[in-house]
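The values are calculated or read from the model by the stated rules, or taken from the named source; none is laboratory data. This structure is a prediction, so every number in the text was calculated from the model and none was measured. Cβ placement follows ideal geometry from the backbone for every residue including glycine, while neighbour counts extend to all protein chains displayed.
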Amino acid sequence: MRVHVERSVLEWAIQRAGKPHEYLSRTFPKWRDWLNGTVLPTYSELRRFASVTHTPFGYLFLDKPPAAELPIPLYRSYGDPHRQDSPSNNLLDTVRAMKGRQEWMRDYMIEEGQDPNPLVRSAQLGESPADVADRIRASLGLSLTWNVDERDDVTALRVFRDAVERAGILVFFNGIVGNNTSRRLEVDEFRGFVLIDDYAPLVFVNSADARVARTFTLAHELAHVAFGLEAAFDLRDARPARQREEQECNAVAAELLVPAHLLRPVWQPGSRQELIAALAQRFKVSRLVIAYRAMDMGLLTSEEFGALRSRLTAPAPAAPASEGGGSFWRNQYWRVGLRFASAVYGAVKSEALLYTDAYNLTDCHGATFDRLLPMLMEVSAVADR
């Protein structure tokens, strides 16, 4: 049985999936004929096409492509700040999956009689970035020098992430869609997003990014939680979009990671590059963040920053898709998290949640799900030693 599909729908599907025509021609030898309408795909070929392009099968029978919009704003660091690029399938599916986790966690927390999270909407735009940063640190139970006190950026990021989770904020790091290694999340499209909820605020960090960049993304996201503003953003070169809310979230993130009255006393004359490199290591952030912070504080002129910028934005080595370094269970520690896994696991054991729903929520199935919570507890215990 052969099926007619509109050319515009076929092209929409491959554009959203990020698949080039050459790839489709290799996978489906009659791809060009499908587009030209000289040959119609069979029903089974169309099923496979839907799978390859991660397109809901029913969408292929529409007369025209559906509007594919994110349910949250997508802020871009460059170009027209009002431009809304068509989001990729991978981003859309990730946001949908995280919304599913958030909705389930919200219902679970209310059923358990838990209180709303006090950090959500605790700040207003226009407040001092230092005041908002202090509020976030207090909510997370972190000292002013928390990152300076850690031995390296690996430890600092784990400590930061764990503090966010303990503060009742859902936090997920992943560089792929679920556990599908063939669906990589592109840093050029987004570095993170925030979904606001009074009970279960959620932050997602694209862990395909460099580690120190993830730390800044997480700090930026916490500012979004405090202001009660949900969005996705690319934060290219740690530069926010032009919208006021993005500018203020970045200012809070900078103060949270590099407090002004800690940076000023250690800023010294001499080689700018050497000083910036040393301070980046001290505060466990990128050199670019230190340079931006110094310029904002008047320690660097805009001309000095411009002269340094190209050297500070040199491409970094490709980051792994997750924090795990090849270990499946360490990956799940970041992708699922101990707090969320504990809640899902407990709901299953109390028969308040079906196993099939638990599998969908965690992207872990069968025996893998059964081992999830014990293994995450083991990973956490090892990390704390």
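There is no residue in the range 169-185 that is farther than 27 Å from ALA383 by Cβ and part of a loop (DSSP other than H, G, I, E, B).
Within the range 361-372, residues that are in contact (Cβ under 8 Å) with a residue 40 or more places away in the chain reach partners that are assigned to a helix (DSSP H, G or I) and surrounded by fewer than 19 Cβ atoms within 10 Å (Cβ to Cβ) with beta carbons closer than 7 Å, at six or more positions or on different chains, in the pairs LEU361/GLY100.
For first residues located in the range 222-246 and basic (Lys, Arg), partners that are not in a helix (DSSP H, G or I) and lie 6+ apart or on another chain with Cβ distances below 7 Å form the pairs ARG236/SER77; ARG236/TYR78; ARG239/SER77; ARG242/PRO81; ARG244/LEU125.
What number of residues in the range 213-236 are farther than 25 Å from ALA291 by Cα and within 11 Å of the chain's Cα centre (by Cα)?
Within the range 213-236, residues that are farther than 25 Å from ALA291 by Cα and within 11 Å of the chain's Cα centre (by Cα) number 1.
Does LEU92 count as in a helix (DSSP H, G or I), surrounded by 15 or more Cβ atoms within 10 Å (Cβ to Cβ) and modelled with pLDDT under 95? Yes.
Once the range 170-219 is narrowed to residues that are out of contact with any Pro (no Cβ under 8 Å at 6 or more places or on another chain) and of a type in the set (Phe, Trp, Tyr), the residue that is surrounded by the fewest Cβ atoms within 10 Å (Cβ to Cβ) is PHE172.
Evaluate the range 116-132: report whether one residue or more is in contact (Cβ under 8 Å) with a residue 24 or more places away in the chain and more than 22 Å from ALA223 (Cβ to Cβ). Scanning the range 116-132 turns up no residue that is in contact (Cβ under 8 Å) with a residue 24 or more places away in the chain and more than 22 Å from ALA223 (Cβ to Cβ).
Taken over the range 136-151, the criterion of being more than 23 Å from PHE172 (Cβ to Cβ) and either in contact (Cβ under 8 Å) with a residue 24 or more places away in the chain or not assigned by TED's automatic domain parsing to the domain that holds ARG211 (or both) is satisfied by LEU144, THR145, VAL148.
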